[in-house]
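Taken together, the values in this text are just the output of simple stated rules run on the coordinates, not laboratory data. Computed from a predicted model, the values in this text were never measured in an experiment. Because the Cβ atoms are built from the backbone with ideal geometry, glycine has one as well, and the counts that use them run over all protein chains shown.
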Amino acid sequence: MSVKENWEPKILAFCCNWCTYTGADLAGLNRMKYPENVHVIRVPCSSRVNPQFIIRAFQKGCDGVMVCGCHPGDCHYATGNYYTRRRFMLMKRLLEHNGIDPNRFVCRWISGAEAAKFRDVVTQVSNQIKAMGPNEKFREPYYLEKEAE
Amino acid sequence: MSRVGVFVCHCGTNIAQTVDVERVAEAAKSFPGVVYSSTYKYMCSEPGQAMIKETIEKENLDRIVICSCTPRMHEVTFRKMLKGTKINPYQLEIANIREQCSWVHTDKEKATEKAINLARMSVAKVLLNEPLHTSSIPITKRALVIGGGIAGIQAALDIADAGHEVVLVEKESSIGGKMAMLDKTFPTLDCSACISTPKMVDVSQHPNITLMTSSEIESVGGYVGNFDVTIRQKAKYVNHDICTGCGLCETKCPTKVISEFNQGLAKRPAIGKMYAQAVPAKPVIDPNACRKLIDGKCGLCAKLCPLGCINFEDEDKLVTEKFGAIVVATGYQLIEWGELYPEYGGGKYKDVITGLQFERLVNASGPSEGHILRPSDNTEPKTIVIIKCVGSRDPKKGKSYCSRACCMYGAKHAHQILDKIPGAKVVTFYIDVRTPGKNYEEFYDNTRHDGAIYVRGRVSKIYEEDGKLICLGEDSLLARKVAVKADMVVLETAMVPAVGIRELAGMLGIAVDNHGWVTEAHPKLRPVETQTGGVFLCGVCQGPKDIPDTVAQAGAAASKVIGLLNKDSMETSPMISKVDESKCAGCGFCVKMCPYKAITLEDIDVRQGPKTVKKTVAKINGGLCQGCGACNVACRTGCIELLGFKNNQILEEVDSLCL
Amino acid sequence: MINEIKNACLKAFESGEVGYIIGWQATRFADKTTPLFMRSAEDVEKLVWNKYCVNSTAKYALEDKYPEKKIGIILRGCDSRAVARMISDKQLKRENLYLIGVVCDGKEDPICATCSHKTPVIYDVLIGQPTTEEISPERFAEVEKIAAMTPDERYNYWAVQYDKCIRCYACRNVCPACNCVECYADQYRTGWQGKAHNRAENQVYGLTRAYHVGDRCIECGQCERVCPMNLPIMSQTRKMLKDINDLFGPTECGLTIEEAPVLGEYDLNDREEFM
Amino acid sequence: MMKYSFFPGCSMGSTAKCYRLSLEYVCRQIGMDLYEIDGWNCCGATSAHVMNEVMGLALPALSLAKAEKNFPHLDIATGCAACYSRLKTAAHHCKNDAGVRYQVEKTIGMPYEAKREVLNFMDIFGTEEAMTAMQEKIRRPLKGLKVACYYGCLNVRPAAITGAPDRENPMTMENIISLSGADCIDWSFKTECCGGAHQNDATTETRPLVDVIIRNAVANGAQCIVTACPLCNMNLEMRQKEYERIFGTPRIPVFAFTELIAIAMGAHWNEIALDAHYTDASKIIAEAIRAGKEADVK
Amino acid sequence: MSNRTMASLMRRAKVDPMDCYQCGKCAAGCPMANSMDLNSRQIMHCTQLGEAAYNKLISSEAIWLCTGCNVCHERCPHDVDIPSVIEQARYDAIEKGKIRRKSKIFNDIFLTNLKLTGKSQEAFLALIYNMVSLDIFQDMNSVPHMLRHKLVSVLPEFIKNPKEVSNTMEKSKEWGKAEK
């Protein structure tokens, strides 16, 4: 499939309410700029993010997915992100085993103060994915057809 | 069919200048379930809110989406607004089109596209929102303070002064803790007993404080506002209701054992008070030392006691009480340095003592009545070496952390030696001198002017030759080895958590770090709270600190407790997890993952064919659940759902972005 | 050996504690056996023990969670790990089971080549001499083969496989780690799993199942054995296992009845890749 | 079963004559079999590992590989702390680092799997079996002899290689010596370095090391020092006359620990060459034997 | 620069120089500290500072005076394997030809002797060393005692197959510097 002119990827970021979502808000407060193709879904804690959500996102047509939470040790719920870390270390490898490019699925710890890091990370991810083009893997034929129109 | 209203905020020009709000509102009309959409200059303003409320009535909406600033800003505002309407406050979603859209983008076309996407995601989610209701839990207006050191004493007094009942539990037979052992306190050199004993007496006389000495926590149940705590009151063998504390038993007891309070430097009888100023000022019998209790012989104290207080048949008692809040103030002990440091003699040299032993030696009420004498031969030492960081800053043998108080009490020890022994020589080996505190650096400075010699280097070995303790160190500023022939060596050893803290933490559902220090809820912003609601901490149990910091922290913990107990009841967030028992397989994966111990496995009766069987399912304690959702992911079936962030809600959000 | 097993069964019936015993019986095909439910001593004659006993006897007990008498199960090494798995997952109670362990000699199934536990790990009686066991160097060969491919090659490899999948869920039904009351894939209200039959949905199922059982997989290979379309299902779960081995230390699942899956644990010193 | 491959080391054949004779005597008495490694070679201490890392591992590995080939089921015993350290280091690295093992095997031209343990005689005689056997053979207890047991560095350190449980105050040798009836004093220089590695090339610098060790032993009442290493033994004893002149160091006989056991077992002086000591040892030994006999009569 | 030194040491000596916080416990226990131009604590400091300081270290006498007794490592609160650092520093020094004179003489004699006979011969070693290093009278007063009690033999002894040893020694050198 040829990359359409002005193609914009769809990037989904699951962000925990207490650190990364706050960091993203802070980026706004500081009027930092980053690409428009990043969409944040707010969850209470990164440990709320079920790895199945990631598969779902790719299936439904996301070109990149991010999971972000508090740095280890800073979890608002004390231990949530330690489980997140294990889950996604394994899930990332499983996705790669099934052919997903590692750059399409990114996990980062971003604290409530790290607005600049949020900006840099999403910008970098967005640029990477833009360079790679749309994700076709795991996508439902319906969406592929729709875009081909 | 749901009727969703979408309200798009201009936020003055904050949103409107980068996002075409009209287009967003227009686009929203086509989303499934949306029956109404409009824009307004300031949604959060009075007229904005009135407009929304009016529309809800007029359009018969049953849920709304507001496209505005971050939900962290006005979610609470809009929920409050909905309270008076027919819509449940939780039938609301906010699309963050300011902080995460208009403020971070410049291309109006693309920003508008994104705002539409965000609105669509929120609409998709709100369609699955359920009405939720906050519940309130009553608060028992009593506090439990665990640990009767200066931290626990201060916290108990502060809470009691605010008019709340306090139970202070101490495992030893007297309160006072480590501070009662000390001679003087830096940097002011106040007599430790003179400032701590009045507080101890206050505790014993305070009408709101119940003192339980020789007691330990047996089990903890319940949750914030409603803890059920079982306390084991160990047998004292002396009836404290009658005892006048005359001390006759103490003087006549024929059995003498090593005194823990005097750090092994003196002996004590098997019956007696922990020390002269003990509170309560009444004796107890040590069952591990008393000959009557060990082999039935003796019983002299019982014969002598004029009031017949002695009861050898006394037994441990378990009492269960209800509390609204708990303060952990279990303090510390010194590291067992002997086995760790064979190079310092491993404990075989009597004149190599710890800082706490030195405190007893120099204390006027101590075994040598305040004269600094060598434990081996009771002579006055002339050359004394002080070694700092024994067990601290030593990840290999001891602890990686700095024990914080040693630099200062080391300086105090040097000062006291120079003060009490004319012509004495003090050599302090240090790695760094850390004196961050008011008047601390000045105190250290004075000590050096008094004549204390500071040598930068860690001692490698202590050995005895010709009756002298030879300390081999390096003067690292000269890069030369030095050997100091000392008469006595004082090791300023590391603080470690009190024994049993891990078990206690397990009972309370709070976390401890690798060393056993209790973990605070947030190191900067919630320093005296733990991750479990209603459990607070103060003093060294959280990490090494000195007396001023401990007392300050105790006051802080007390104010948190008072704040909690001043309420009659507490609202709990309805956004907690819920188990679908019909699907739950009872595997228990979620139980371990809950940081708040909110999940337990319980057997419920279910019909299976003709018979009723016990089925194990997970149960969630709404008082404990904080709504993190970790359990949701642990559940492979997906039968635990975090209300407000249910699986299908998040999946819908994902799906709707991709449309 | 068969006589010893039969004797053990007879003894079990004699004791009166055991309601029925699950084993294998012959079929009209010489190279096939089928599960046998022995309800009394008379049935014991039907029992067979040969290289075609490839069915797992373990999972049937899940259908009878509240038995009146103990359920007897004749176990090979892999079946014992399956039972251990289900006890760890609190789906079976050890006291409801009477386990006749048999040291396995390898069956007519390719998975047996990489078997690391021919001797049952739990049992009430053991028949046969315990053998020394070693983890096969071939354990992760398939995974490593895929690891050597480029991402696109990997995707294409799996695309071919999942295009075949008919989503019959036989792999799930036979798997001892798939012991939920209601599988996520059968739920319609949450919408985890679309019902359409296409490559994407098949892949979602394949990955989700791998993630669900990956940290508890006992490597019995029943999923691949029952798959009518010959999908290399084990290579997904073994990928998970290999990563668990690499990241959290040597791991084999289903060796004890009190096992904590790695995804339910954490360690402060876990590797940090998020940054 | 007390059977070991035996790596004698270079000193055993020359300067450590007393050690070797007494060791052989004790082994004969308690039925311990030592099988000398056929074609053993010098471990390279103290120069090889200083000059070349691979050489420092390959030289000891060469002997170990031969031991593994000749006596695949026997652990390897050695009496010298330096040999022990080099052999054990080589075995440790070959066992735990596949890269090192590859290098070493290529260098020595034969396979070496590091399957067997390297042990020193202190540990071997410290086992319960050997202790019981020795206890039975003691016929002439040494009474009142005050002994300072000196372990040196390489018998106990580095901990990761030797696995010694206590590196500051080990007690194995004390336990063995107390079988002989002698009293072991508590002192502080058991595991201090005597500087033996630089006996030749840094004589001036290492002199004070010996001085402080001997002084502390004497200050704590020792009449003699026992060692479990020929190099330590020689270094502590050989230059005592010189130290006496330079530092005023007291003179004190230095034995191998097997010597005292052999004497207590009734070995004749000539059998173990007791007169070969640099500092006269006959007087204190004779006194201890006499005291032992007296105590026995009583 | 400093990173290269440190990275190299981390790889070869398996020591992170930054683990050391200069408490001096190593030097305090070191038997040779007072004879060294850089004591063990200073040695670690040199490894922390970078190339120039490291060059100073490999030109020092200290690395040749270390007896390898491991007391420093044993007592180090951060478990820094200082002997391993010194060992690697010596290999670097050898590569740059910076060997302490007496150590070079001694080690050369020792290894030559080893190559020829497969065994170390204390008497010859000492004798030749004393002559070459001009410390002619060192230990002379022990000689009569040694000869009288046959503690040293007059003729050199050989092991069974000295060729194996010399081969091993030659091959060792082929691996070059201890880079793995």
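Can you show me the helix-derived [θ] at 222 nm for chain B, built from DSSP H runs with n ≥ 4 at -39,500 (n - 2.57) apiece and divided by the number of residues, rounded to the nearest 500. Let's see the in-between values first.
Values: 18 runs with 181 residues, N = 659.
-8000 deg cm²/dmol, from helical runs alone.
Share of antiparallel DSSP beta bridges in the protein assembly as shown, in percent to the nearest 5?
Beta bridges within the protein assembly as shown, antiparallel portion: roughly 40 percent.
Just rank E:153, C:88, B:368, fewest to most, by other beta-carbon atoms within 10 angstrom.
E:153, B:368, C:88
What is the P(r) of segment D:140-297, as percent of Cα-Cα pairs per 10 Å bin from 0?
11, 41, 34, 13, 1, 0
Would you kindly work out the equivalent ellipsoid of segment C:10-70 from its C-alpha gyration tensor and give its semi-axes, the square roots of five times the eigenvalues, largest first in whole Å?
Computed over segment C:10-70, the values are 22, 15, 8 Å.
Could you give the dipole magnitude of the protein assembly as shown about its Cα centre, charging the beta-carbon of Lys and Arg +1 and that of Asp and Glu -1, in debye to the nearest 20?
The dipole magnitude comes to about 480 debye.
Return the average number of partner chain Cβ atoms within 10 angstrom of each residue Cβ along peptide B:464-472.
3
Put +1 on the Cβ of each Lys and Arg and -1 on the Cβ of each Asp and Glu in chain B; which of B:447, B:426, B:265 then has its Cα farthest toward the positive end of the dipole?
Farthest towards the positive pole: B:265.
For residue E:175, what residues show an amide H to amide H distance below 5 Å, using hydrogens built from the backbone and excluding near sequence neighbours?
Distant-sequence amide H within range of residue E:175: zero hits.
Divide, for chain B, the radius of gyration over alpha carbons by 2.2 N^0.38 Å, where N is the residue count.
1.26
What relative contact order, as a whole-number percentage, does chain B give when Cα pairs under 8 Å and 6 or more residues apart are counted?
13 percent
Quick check on chain E: take the gyration tensor over C-alpha atoms, sort the square-rooted eigenvalues as a ≥ b ≥ c, and tell me if it's rounded (a/c under 1.5), prolate or oblate. Write out the running numbers ahead of the final one.
Numbers: a/c = 2.38, a/b = 1.68, b/c = 1.41.
The shape class here is prolate.
Please name whichever of A:27, A:131, A:47 sits farthest to the positive end of the charge dipole of segment A:11-148, dipole taken about the Cα centre and charges placed at Cβ: Lys and Arg +1, Asp and Glu -1.
A:47
Put one equal scatterer on each alpha carbon of segment B:577-643, apply the Debye formula with no solvent term, and list log10 I(q)/I(0) at q = 0.21, 0.23, 0.26, 0.27 1/Å to two decimals.
Cα-only, vacuum Debye calculation for segment B:577-643: -0.78, -0.90, -1.11, -1.18.
Could you please state, rounded to a whole Å, how far the C-alpha centre of segment B:314-328 is from the C-alpha centre of segment D:239-291?
69 Å
Shielding by partners for D:34-46, please: the mean number of other protein chain Cβ atoms within 10 Å of each residue's Cβ.
Per residue, the average neighbour count from other chains is 4.
Determine the relative contact order of chain E: mean sequence separation of Cα pairs under 8 Å and six or more apart, normalised by residue count, in whole percent. Walk me through the intermediate numbers first.
Numbers: 200 pairs, mean separation 35.5, N = 180.
With pairs under 8 Å counted, the relative contact order is 20 percent.
With a/c under 1.5 counting as rounded, go ahead and sort chain D into rounded, prolate or oblate using the C-alpha gyration tensor (a ≥ b ≥ c being the square roots of the eigenvalues; past the cut-off, prolate if a/b is larger than b/c, else oblate). Could you put the intermediate results ahead of the total?
On the way: a/c = 2.10, a/b = 1.40, b/c = 1.50.
It is oblate, given that a/c is not under 1.5 and a/b is not larger than b/c.
Counting only helical runs of four or more DSSP H residues, what would the 222 nm mean residue ellipticity of chain E come to if each run contributes -39,500 (n - 2.57) and the total is spread over all its residues?
Helix-only estimate at 222 nm: -17000 deg cm²/dmol.
Please report B:584, B:243 as a ranked list, fewest other C-beta atoms within 10 angstrom at the top and most at the bottom.
On the way: B:584 24, B:243 20.
Arranged by neighbour count, lowest to highest, B:584, B:243 become B:243, B:584.
So what is the calculated 222 nm ellipticity per residue for chain C, using -39500 (n - 2.57) for each DSSP H run with n of 4 or more, over all residues, to the nearest 500 deg cm²/dmol?
Helix contribution divided over all residues of chain C: -9500 deg cm²/dmol.
Could you tell me, in Å, what Rg and Dmax come out for the Cα atoms of segment B:4-126?
When restricted to Cα atoms, segment B:4-126 yields Rg and Dmax of 12.9, 39 Å.
Over the alpha carbons of the protein assembly as shown, what is the largest minus smallest coordinate on each principal axis, giving the biggest first in Å?
Largest first, the protein assembly as shown extends 118, 90, 79 Å along its Cα principal axes.
Any idea what diffusion coefficient segment A:11-148 gets from Stokes-Einstein, in µm²/s, Kirkwood Rh on alpha carbon pairs, 10 °C, 1.306 mPa s?
D, rounded to a whole number, is 105 µm²/s.
If r is the Cβ-Cβ distance from residue E:161 to residue D:166 and R0 is 56 Å, what FRET efficiency results, to the nearest 0.05?
0.90
Can you sort C:107, B:80 from fewest to most other Cβ atoms within 10 Å of each residue's own Cβ?
Least crowded to most crowded, the residues run B:80, C:107.
Given axes a ≥ b ≥ c from the Cα gyration tensor, I'd like to know whether segment C:2-127 is rounded (a/c under 1.5), prolate (a/b larger than b/c) or oblate. Each step should come with its number before you reach the end.
Values: a/c = 1.62, a/b = 1.13, b/c = 1.44.
Because a/c hits 1.5 or more and a/b fails to exceed b/c, segment C:2-127 counts as oblate.
Add +1 for every Lys or Arg and -1 for every Asp or Glu among the other residues with Cβ under 11 Å from the Cβ of residue B:642, and state the total.
+2
Normalising by the residue count of segment B:577-643, find the relative contact order in percent from Cα pairs under 8 Å and 6+ residues apart.
Once divided by the residue count of segment B:577-643, the mean separation gives 44 percent.
Counting only other residues whose beta carbon sits under 12 Å from that of residue A:128, what net charge do I get with K and R as +1, D and E as -1? Walk me through the numbers before you get to the answer.
Details: positive: A:104, A:130; negative: A:63, A:101.
With Lys, Arg at +1 and Asp, Glu at -1, the neighbours total 0.
Can you pull the mean other chain C-beta count within 10 Å for peptide D:186-196?
Counting Cβ atoms of other protein chains within 10 Å of each residue's Cβ and averaging gives 5.
Run the reach check for residue B:524 against lysines, Cα to Cα strictly under 20 Å, same-chain hits fewer than 8 apart removed. What comes back?
Once the sequence-local lysines are set aside, what remains near residue B:524 is B:545, B:560.
How much net charge surrounds residue B:424 when only other residues with a Cβ under 12 Å from its Cβ are counted (Lys, Arg +1; Asp, Glu -1)?
Charge balance near residue B:424 sits at -1.
For chain C, take every pair of Cα atoms, bin their distances at 10 Å starting from 0, and report each bin as a whole percent.
It works out to 6, 27, 34, 23, 9, 2, 0, in whole percents.
Rounded to whole Hz and in sequence order, give me ³J(HN,Hα) for segment B:129-144 from the Karplus expression 6.51 cos²θ - 1.76 cosθ + 1.60, θ = phi - 60°, writing x for Gly and Pro.
So the J values, rounded to whole Hz, are 5, 10, x, 10, 10, 6, 10, 10, 10, x, 10, 6, 8, 9, 10, 10.
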